[in-house]
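Below is one structure; the comments refer to it alone.
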Amino acid sequence: MATLEIDCPVCGEVLELSAEDRAELQVGDVIVCDSCNAEMEVTRNGTEEDFELDLLGVLTTCPNCGEEFEVTEEMLDEAPVLESADGVTVSVVDCPHCRARIELEFEENPDN
């Protein structure tokens, strides 16, 4: 079995899973993207290309208090979206620990 390449649904980073990696994964296991800390649950791990992941959430660290927290789909759905003069779009979420307002910038996945 060759190396399987999967695009992270959040940042578009390519995640490579070797045959050995896939042999150790079970349905329900969680994979974390090294680039953006998005958590994805393995929902199918069959043969060859028969492999699926579901996005669980994105971990981030608050720049104000230093605590790590999960950015959920619900948080992003409720977050105001702002666009700066240079065209950068950010979502503004509240840190659940210190309530600081945090701007999160997500890169668009070119495959979408």
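The values are calculated or read from the model by the stated rules, or taken from the named source; none is laboratory data. Keep in mind that this is a model prediction, so the values were computed, not measured. We place every Cβ from the backbone using ideal geometry, glycine too, and count neighbours over all the protein chains shown. Accessible surface areas use protein heavy atoms only, side chains included; no ligands, DNA or RNA. Shrake-Rupley method; radii C 1.70, N 1.55, O 1.52, S 1.80 Å.
Out of region 19-51, which residues are of a type in the set (S, T, N, Q), free of Cβ contacts under 8 Å to residues at least 40 places away in the same chain and open to solvent by 60 Å² or more (accessible area, probe 1.4 Å)?
Filtering region 19-51 for residues of a type in the set (S, T, N, Q) gives 26, 35, 37, 43, 45, 47.
Of the ones still in play, those that are also free of Cβ contacts under 8 Å to residues at least 40 places away in the same chain are 26, 35, 37, 43, 45.
Matches in region 19-51: Gln26, Ser35, Asn37.
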Looking for whichever is surrounded by 11 or more Cβ atoms within 10 Å (Cβ to Cβ) and either within 18 Å of the chain's Cα centre (by Cα) or at pLDDT below 85 (or both) here; the options are Asp86, Asp54. Which one fits?
Asp54
All but one of (1) at negative phi; (2) modelled with pLDDT of 85 or more hold for Glu108, so report the exception by its number.
(2)
So, of the residues in region 57-83 that are in contact with a Cys (Cβ under 8 Å, 6 or more places away or on another chain), surrounded by 16 or more Cβ atoms within 10 Å (Cβ to Cβ) and at pLDDT 85 or above, which turns out to be farthest from Cys8 (Cα to Cα)?
Cys62
Go through (1) under 19 Å from the mean Cα position of the chain (by Cα); (2) open to solvent by less than 30 Å² (accessible area, probe 1.4 Å); (3) over 24 Å from Glu68 (Cβ atoms) for Glu16 and report which single condition fails.
(2)
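So which of Glu52, Glu68 ends up being within 30 Å of Arg99 (Cα to Cα) and either out of contact with any strand residue (DSSP E or B) (no Cβ under 8 Å at 6 or more places or on another chain) or charged (D, E, K, R) (or both)? Working first, answer last.
Values: Glu52 fails: within 30 Å of Arg99 (Cα to Cα).
Just a single option satisfies the conditions, and that option is Glu68.
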